[in-house]
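Structure, as structure tokens:
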């Protein structure tokens, strides 16, 4: 068989080469569940402060994210297809988070409704080829809902609007006071029970298919993020991502 001359092959531009290398290396390095965990953790400390300074730009980042995801879904490599499907779900979470934290952050009861804007699509996607993305989105939304429920149960919800509206110094003090209010038996018991339930659910999901493992990774990572946020609120509120 006669080989195709190298000179006749289309050359990729440097950005395309970088994207090609990235989408090839990431799935092999972290695995799908590891990527799901990273996509759950990173936005909390990256998106939240970014959207506060540039809400429109952060929201518009959804467009290239979706384009990249759809390009990967059409790729012949199954590993990149799965990565693309996962990024579709992440794009939904990113858009919902950008909309809330950009314009409605002082209204905590709108948090889950806004971030859950794609809930019908995600539920419908569970039985289709989009199951991976839908599983990630739904697990992320469930983690958000559980976190907000704990904030309400422990009586901290009224402090949310003042914290996000106050100047940095005052917000840091309020956030530390809110975290210290959790260092009592009843709030700690509520947190422990919620953590126990989330771990059990994550373990059950992990025994399922790839979608279940992605959901388990996202849910377990939400628990880790909540712990990191609690520690940051106590020790260094400015690094919590909320101020």
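If residue 199 satisfies all but one of (1) under 27 Å from residue 131 (Cβ atoms); (2) in contact (Cβ under 8 Å) with a residue 60 or more places away in the chain, what's the number of the condition it fails?
Failed condition: (2).
Conditions (1) surrounded by 15 or more Cβ atoms within 10 Å (Cβ to Cβ); (2) over 30 Å from residue 86 (Cβ atoms); (3) free of Cβ contacts under 8 Å to residues at least 40 places away in the same chain, marked per residue:
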residue: 165; (1), (2), (3): no, yes, no
residue: 181; (1), (2), (3): no, yes, yes
residue: 192; (1), (2), (3): no, yes, yes
residue: 220; (1), (2), (3): yes, no, no
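In the list 101, 94, which residue meets the criterion of being in a helix (DSSP H, G or I), touching a helix residue (DSSP H, G or I) at 6+ places or on another chain (Cβ under 9 Å) and at pLDDT below 95?
The unique qualifying residue is 101.
Criterion first (modelled with pLDDT of 90 or more, under 18 Å from the mean Cα position of the chain (by Cα) and in a helix (DSSP H, G or I)) does residue 192 satisfy it?
Considered against the rule, which asks whether it is modelled with pLDDT of 90 or more, under 18 Å from the mean Cα position of the chain (by Cα) and in a helix (DSSP H, G or I), residue 192 comes out as no.
Could you please let me know if residue 186 is out of contact with any helix residue (DSSP H, G or I) (no Cβ under 8 Å at 6 or more places or on another chain) and surrounded by fewer than 16 Cβ atoms within 10 Å (Cβ to Cβ)?
When the stated conditions are applied, residue 186 passes them.
Inside segment 104-127, can you point out the residues that are out of contact with any helix residue (DSSP H, G or I) (no Cβ under 6 Å at 6 or more places or on another chain) and within 24 Å of residue 151 (Cβ to Cβ)?
Once the filter is applied, which keeps residues that are out of contact with any helix residue (DSSP H, G or I) (no Cβ under 6 Å at 6 or more places or on another chain) and within 24 Å of residue 151 (Cβ to Cβ), segment 104-127 yields 107, 109, 110, 113, 119.
When you go through 138, 142, 132 one by one, which is the residue that is within 21 Å of residue 222 (Cα to Cα) and surrounded by fewer than 21 Cβ atoms within 10 Å (Cβ to Cβ)?
142
Pull up segment 146-163, narrow it to residues that are surrounded by fewer than 14 Cβ atoms within 10 Å (Cβ to Cβ) and touching a residue at least 12 places away in the same chain (Cβ under 8 Å), then point me to the one that is nearest to the chain's Cα centre (by Cα).
The extreme case among them is 161.
Any idea how many residues of segment 70-91 are more than 29 Å from residue 228 (Cα to Cα) and either in a helix (DSSP H, G or I) or touching a strand residue (DSSP E or B) at 6+ places or on another chain (Cβ under 6 Å) (or both)?
Selection size over segment 70-91: 8.
When residues of segment 118-128 are filtered for being in a helix (DSSP H, G or I), more than 17 Å from the chain's Cα centre (by Cα) and surrounded by fewer than 19 Cβ atoms within 10 Å (Cβ to Cβ), how many remain?
Residues flagged as in a helix (DSSP H, G or I), more than 17 Å from the chain's Cα centre (by Cα) and surrounded by fewer than 19 Cβ atoms within 10 Å (Cβ to Cβ) within segment 118-128 amount to 4.
Which condition does residue 18 not pass, out of (1) more than 17 Å from the chain's Cα centre (by Cα); (2) part of a helix (DSSP H, G or I); (3) modelled with pLDDT of 90 or more, if it passes all the others?
Status for residue 18: all satisfied but (3).
How many residues are outside any helix (DSSP H, G or I) and under 20 Å from residue 88 (Cα atoms) if we restrict to segment 129-187?
2
Can you find even one residue in segment 201-222 that is over 20 Å from the mean Cα position of the chain (by Cα) and assigned to a helix (DSSP H, G or I)?
Scanning segment 201-222, I find at least one residue that is over 20 Å from the mean Cα position of the chain (by Cα) and assigned to a helix (DSSP H, G or I), so the answer is yes.
Looking at this structure, is residue 55 within 30 Å of residue 168 (Cβ to Cβ), surrounded by fewer than 19 Cβ atoms within 10 Å (Cβ to Cβ) and either at pLDDT 95 or above or touching a helix residue (DSSP H, G or I) at 6+ places or on another chain (Cβ under 7 Å) (or both)?
Considered against the rule, which asks whether it is within 30 Å of residue 168 (Cβ to Cβ), surrounded by fewer than 19 Cβ atoms within 10 Å (Cβ to Cβ) and either at pLDDT 95 or above or touching a helix residue (DSSP H, G or I) at 6+ places or on another chain (Cβ under 7 Å) (or both), residue 55 comes out as yes.
The values are calculated or read from the model by the stated rules, or taken from the named source; none is laboratory data. Fair warning: this is a prediction, and the values are worked out from it, not measured in the lab. Virtual Cβ from ideal backbone geometry, glycine too; neighbours counted across all protein chains shown.
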